[in-house]
Structures are given as structure tokens and as C-alpha cells.
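In what follows, a single structure is set out as C-alpha cells and then discussed.
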Amino acid sequence: MIKAILLDFNGVIIDDEPLHMKAYQEIFAKEGIALSEDHYYSCLGMDDKAFVGAQYRRAEKEAAVEKTSEIIAAKTTRWRELIEKEVPVFEGAENFVRKMAKDFALGIVSMARREEIEYVLDKIALRDCFTIIISAEDVSNHKPDPECYQKGFRLIDGARTMLGSNPIVHADCLVIEDAPQGIIAGKGAGLKTLGVTNTVSAERLREAGADSVTKSLSDWMPDSLRRVFV
């Protein structure tokens, strides 16, 4: 029975993949590197460092460590400018998080930078709903490697037991993802997975191994999760 939920961030809670892409397109254009939509979405699941490196390799160029850091910082600054007036949260996502936080321990497992995750959660007043956060800085390998979800499971289990709950097993923990790379990472960690079709098709999520697929998180209640993911 589900007792904990680990959610991806970009593409599940916040609808900002197009904004990250726009920011990167502007910055890479100054470096003489064209970034298409296909280029961007083929790298879902990567952290910023891996993403920047992939674009330079694609363009047959090299980026020094200092240059990579400079580009990532510039992207974050531009991304903040794009969401400053209104955070593009997916319809129903805030309500879903608040509902689920009453019944389950919740965590974020994302390849975004921690400062970006914390910034958005504070801005939309959801930070208190999450027990743990795994960000790009917390792991050595990006999705689809299962490291992030393995660590997320250990941390959320530990957080629950510290509050007096019994330990959970892998079958008690659900991963919610919008990208095949995230589904693969969750399955690789031995966890159940729910794919949400915010970014790619239901077919691609099922091909990646999603146990169930949904069009919207607003369709789910705590009891429905328990019935589906027994």
C-alpha cells in the first residue's frame, strides 16, 4: 500500500520546460550553438551540467568548467525572470500536492538545481508539503540512472521512521514522472511509477515501464492511488 510519493519537479509540478528551453536557446545562441526543440527534449532527465556538456559535444566544441558554470548561472537568472510574475504550475498540481500531503509522506526527486526547486516551492507556498528534496547537487548520476530515486527512497523512509512510523518497503513508494528517463530511473530503483502526460505521450511512458499513466494529477485522490497501486 502506498505510504510515500516521490515527485519529479519540472514537467510534473511546474510547467516550465519550455521556459528552460527558451533560456538555454538565448544563451547558447551567443555561443554560436543552435538549440532546437528536439535537441532540448532529447535530453530530458539530465542535470544542467550534463545538458550543457551534451550541447557542446553535439556542436563539436569544448566547454571549460568555468564556462559551463557561467552558462548554468545565466540560464537560472533568465529562467527566474521568465517566471517572476507568475509561476506556471500545472492545473491541479497544487491541489494534488496538498491533498496527498495529508495522507502520504511527499518528496521531490529532480535533476533541477536546489535553488530553483526551493525558489518555486516557496513562491507557491508548497515547501512545507515536502519531507525531502533530492536535487542535481545530491547525486553523481542523472536520470535514467536510478541513484536519485534510490536515495530519495532511503531519505523519505528515514524521515518517516524518525517521526515514529514503521519502515516502508519499495512497494509502498510511488514515483510520479513526466519523462521516460524518470520512469526508467524509478523502476530501476524498484519503485512503482505513475506517468503523467504533460511532456510526452502515454505510449512513450508505457514503453518506459510506467505502471499506470494519467492525463492529469487532478484526477487522483489518496484512496484512488491506494486502489491502483496495491
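Summary of computed values
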{"item": "Any pair with Cβ under 6 angstrom, 6 or more apart, that starts in the stretch 180-198 at a residue that is over 16 Å from residue 107 (Cβ atoms) and ends at one that is of a type in the set (S, T, N, Q) and surrounded by 23 or more Cβ atoms within 10 Å (Cβ to Cβ)", "result": "183/193; 187/193"}
{"item": "Within the stretch 79-91, tally of residues that are surrounded by 15 or more Cβ atoms within 10 Å (Cβ to Cβ) and either in contact with a strand residue (DSSP E or B) (Cβ under 9 Å, 6 or more places away or on another chain) or modelled with pLDDT of 95 or more (or both)", "result": "4"}
{"item": "Scope the stretch 40-73; condition under 13 Å from residue 116 (Cα atoms) and among the aliphatic types (A, V, I, L, M); matching residues", "result": "72, 73"}
{"item": "Residue match in the stretch 132-141 (condition: farther than 23 Å from residue 219 by Cα, of a type outside the set (A, V, I, L, M, F, W, C) and surrounded by 15 or more Cβ atoms within 10 Å (Cβ to Cβ))", "result": "yes"}
{"item": "Filter pass, residue 108 being crowded, with 21+ Cβ neighbours inside 10 Å, in contact with an Asp or Glu (Cβ under 9 Å, 6 or more places away or on another chain) and at negative phi", "result": "yes"}
{"item": "Residue 94 being farther than 24 Å from residue 132 by Cα, modelled with pLDDT of 95 or more and assigned to a helix (DSSP H, G or I)", "result": "no"}
{"item": "Every residue from the stretch 205-219 that is aliphatic (A, V, I, L, M) and out of contact with any Leu (no Cβ under 8 Å at 6 or more places or on another chain)", "result": "205, 208, 217"}
{"item": "In the stretch 199-218, the residues that are in contact (Cβ under 8 Å) with a residue 60 or more places away in the chain and either under 18 Å from residue 5 (Cα atoms) or more than 17 Å from the chain's Cα centre (by Cα) (or both)", "result": "216, 217, 218"}
{"item": "Per-region count, the stretch 62-78, residues loosely packed, with under 11 Cβ neighbours inside 10 Å, among the hydrophobic types (A, V, I, L, M, F, W, C) and assigned to a loop (DSSP other than H, G, I, E, B)", "result": "1"}
{"item": "Index of the failed condition, residue 180 passing every other in (1) touching a helix residue (DSSP H, G or I) at 6+ places or on another chain (Cβ under 6 Å); (2) closer than 22 Å to residue 136 by Cβ; (3) surrounded by fewer than 21 Cβ atoms within 10 Å (Cβ to Cβ)", "result": "(3)"}
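Conditions (1) out of contact with any Phe, Trp or Tyr (no Cβ under 9 Å at 6 or more places or on another chain); (2) of a type in the set (A, V, I, L, M); (3) modelled with pLDDT under 95, marked per residue:
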residue: 170; (1), (2), (3): no, no, no
residue: 173; (1), (2), (3): no, no, no
residue: 181; (1), (2), (3): yes, no, no
residue: 210; (1), (2), (3): yes, yes, no
residue: 213; (1), (2), (3): yes, yes, no
residue: 223; (1), (2), (3): yes, no, no
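The values are calculated or read from the model by the stated rules, or taken from the named source; none is laboratory data. Since the model is a prediction, treat every value here as computed from it, not as a measurement. Note that each Cβ is placed from the backbone with ideal geometry, even for glycine, and that neighbours are counted across all protein chains shown.
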